Amino acid sequence: MNKKAQISYSLLAFIFLASMAVFLSVYSLVFKISFVSLFNKFISGFFSDPHVNGFYGTSAFSYKILYYLLAVSFVIISSLDLARRRKKQQTDAPFVLPSFFRLLLIILALLSVCQVVQHSWYFQHRYELFQNKSLHQKKIQLFGFPYAFARNCQKHLSGYHRAQFITDVDVHHPEGMTEHRRLAYFLYPINIRSYDKTLPVDSIIYFKKHDAVNLIPEGYVIRYAYDNDNVLAVRKDLP
Amino acid sequence: MIIAGKILISLLVPLLVGMRCIKVFFAEDSFPKYAFIALSYGLGLGVVTHVLLLLAFLNIELNWITALVSILGLYIAVLVFAHIFIKPLRFELLRTKKDSVFKSNRPTINVIILCVFLVAAYYVVYSFWTALNVPVHEWDSLATSVYSAKVIYYEKSLANLKYFPYPVYPLHMPLALVWNALCFGFWDDQLVKITFPFMFLSFLVVFYFILTQLTSKKGALLGLALLASSNLFMFHAASTYRDIFLIYYVYSALAFIVFWQKYRNKRLLMLAGLLAGLGAFTKLEGMAYLPVYFILIMFILCKGEKVKLRVKAKEFLSFSVPCIFIVSIFHFVKVFKGISTAKYVGFDLVNCIKNIPVALEYFGHALFMTASWNIVWVLLLFLIVWRWKVILADREAQMWLLALVLFFAIHFLLSLSAGLSAHILSYNTISRLLLHFFPVAVSLIVLLMRQEKF
């Protein structure tokens, strides 16, 4: 990078950062929000915690401000270019587009630095959460009751079994669906999900089913009960 | 110590199989060593999962012995077949360029390059740490893909495929996890994930290699930096979603088609066909992307040099035969098991037109208003406008742009259909769909920037 380019990059970075400082100051005065919290809100929009479904939520606030600042910077660069070309009687090629391109690179680099820093905090948080813990402890921490219940059921019923799943939870609602999927995953090879439903079952999983202990059908016995609502019942003849 | 050995076997077998497959087409020194290894791993993993698929389909119990013996048998068969019928080509055009990354007289550039290296290394470390320290916990994985893998591992067959959650979904990733579990001899919610960071690393290497073919090594590193600037891409690098697999196959297939356009060697197309087929075996979207490759090849054949129709037909078949062969294997299994995808099809013209503004809003928001992509899409848009004349004169840039437009068009059109609009037009799905061709956007940026002096 030559001296001229370095000056150009520094100037562009200054224009952008100055526009940002002015904009955020005015915004904080008008809407009576502290400058620091406004700045934090603006920056954190570029790295929110990822959703468990694998996407990043909306950052419209931060991006709207960013695009506004880009527009302002574009106007400033164009004005500077116009002034320079007038002075030199328009002999030079315009530098608006190359400068704007450089500005985009600067912003990309600045945001990338912010992202890496924020990602490293996220990593540190996860490190503290998971390091030096057994797999069991991690799963308890991540999945809570469905995992603990599934594990206890497996302790009382080993091997492959087709099980009927009975619950009061609405498994079509996201929260209930999540619990059901976790339970199905951790219960397996006690299969409550992926089998031909016309085939007979040899066990029943009552999960968050009110007063399940009193609902056990004839021919079945309770093999494991976490409490009255969470029960594993198996056919009497099952070893 | 024993488990380390088992992990090593689970990684080495696909690698060796992949190496053998590539050596059928090209001599080993046709590629730089690093690219050869990275390409071999992805390709070999695809072969291994297909072997498992066929074993399970033929009701041969899936276990460590049957899997390894079958893979070994296939390996020897390929070796013998290739030895008798095919002479591997020494393709020097794809060798690494001689320019060096760190030999710049400008200290600022060297510092930037070092930073890019460090950031890439940080994300790779993060990806490996997550794979080895955080159990499978992502929603889709627990609900479908990893759940299916666990079921296949315990049932040792595909007997209940019809009753799997979303049985139409391809099984490449679940079977890759089954392969790991078979090697370990047990199912471990943490260890089975070991494939993911290796796929991520392989993709980074392949991506870098492909960019070195388009621009200088420094330009390729810049591309790597642009890729790393995307939060969403880095999230998926450490998750147990299939997307990183799909990105690997889609991007490499596309790149080899572009290379073929440049060097006109049919073997590049054959490799592209295999990779495209494996993409279709990874996610349903991989199937939807097949028209992109075919349109691109047709475009090149129609607009390219004047050659005989017979030659063109041969070139077209060089891609389509391996691609359709791979695609048809899983489809054959699905048809045989009575699994249909018909319920997803359904167009209603009035609804489609009504959906256009909604779809535009969703796509616009997902591209420009989320923390997923930094400002990479803005940069790309700006470069396309600014560098339009360069695009008109540069065949390679036209190819990448056409591919990008086709990827967008496919998702946009599908998002208008009655059956799929609700599914695609959600921030969850749309972000992940855009992710599949995000590296294509980065490649186009790198191409358009290659003549720019910084």
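A short reminder: the numbers here are calculations on the coordinates, not readings from a lab. Note that the structure is a prediction, hence the values are computed from the model and not measured. Cβ coordinates were reconstructed from backbone atoms using ideal geometry, including for glycine residues, and neighbour counts include every protein chain displayed.
Worth pointing out:
- P(r), alpha carbons of the stretch B:368-412 - 5 Å bins starting at zero, rounded %: 5, 20, 20, 27, 19, 7, 2
- Taking 12 Å as the cut-off, no amide N atom of the stretch B:264-297 comes nearer than this to a point 7 Å along the Cα-to-beta-carbon line of B:L309.
- Given B:K23/B:K303; B:K283/B:K337; A:K138/B:K193; A:K64/B:K389; A:K41/A:K64; A:K41/B:K218, the pairs whose alpha carbons are separated by over 24 Å: B:K23/B:K303; A:K64/B:K389; A:K41/B:K218
- Principal axis dimensions, largest first and in whole angstrom, of the stretch B:96-232 by Cα: 63, 29, 26
- Here the Debye sum runs over all C-alpha atoms of chain B as equal scatterers in vacuum, and log10 of I(q)/I(0) at q = 0.09 Å⁻¹ comes out as -0.58.
- For the stretch B:206-283, radius of gyration divided by Kirkwood radius, i.e. Rg to Rh on alpha-carbons: 1.01
- Multiplying each eigenvalue of the alpha-carbon gyration tensor of the stretch A:85-191 by 5 and taking the square root yields semi-axes of 58, 19, 10 Å, largest first, rounded to whole angstroms.
- Compared with the dominant Cα axis of chain A, that is its longest principal axis, helix A:60-87 is turned about 20°.
- The separation of the stretch A:186-239 from the stretch B:276-340, counted between C-alpha centres, amounts to 48 Å.
- The lysines within cross-link reach of A:K236, meaning a Cα-to-Cα straight distance under 20 Å and a gap of 8 or more places when in the same chain, are A:K155.
- For peptide B:147-158, the mean count of partner chain Cβ atoms within 10 Å of a residue's Cβ comes to 3.
- In chain A, the DSSP-assigned H stretches of four residues or longer account for a calculated mean residue ellipticity at 222 nm of -19500 deg cm²/dmol, using -39500 (n - 2.57) per stretch and the full residue count as denominator.
- Cα-based reach from B:K266 at 19 Å (exclusive), listing aspartates and glutamates while leaving out same-chain residues under 8 positions away: B:E28, B:D29, B:E92, B:E305, B:E315, B:E396
- Secondary-structure-derived ellipticity at 222 nm for chain B, considering helices only, amounts to -24000 deg cm²/dmol, per-run term -39500 (n - 2.57) for DSSP H runs with n ≥ 4.
- Most tightly packed first, judged by the mean number of other beta-carbon atoms within 10 Å of their residues, the peptides A:176-184, A:157-165 read A:176-184, A:157-165.
- Two-decimal log10 I(q)/I(0) for the protein assembly as shown, as the Debye equation yields it once each C-alpha is a single scatterer, q = 0.10 Å⁻¹: -1.04
- Take every DSSP beta bridge whose two residues both sit in the protein assembly as shown; close to 60 percent of them are antiparallel.
- A Förster radius of 30 Å, combined with the Cβ-Cβ distance separating A:N214 from B:L284, puts the computed FRET efficiency at roughly 0.10.
- Shown for chain B are the DSSP H helices of 24 Å or more along their axis, judged by Cα atoms, with a mean Kyte-Doolittle hydropathy of at least -0.5: B:2-25, B:33-57, B:64-85, B:107-133, B:195-214, B:243-263, B:309-336, B:349-368, B:395-416.
- Placed amide H near A:N191: partners under 5 Å, 5+ positions off or other chain: A:H161, A:R162, A:A163
- Cα pair distances exceeding 22 angstrom across chain A, given as percent: 69
- Here the spin labels are modelled as points 7 Å beyond Cα on the Cα-Cβ line, and at A:I222 and A:S34 they lie 5.5 nm apart.
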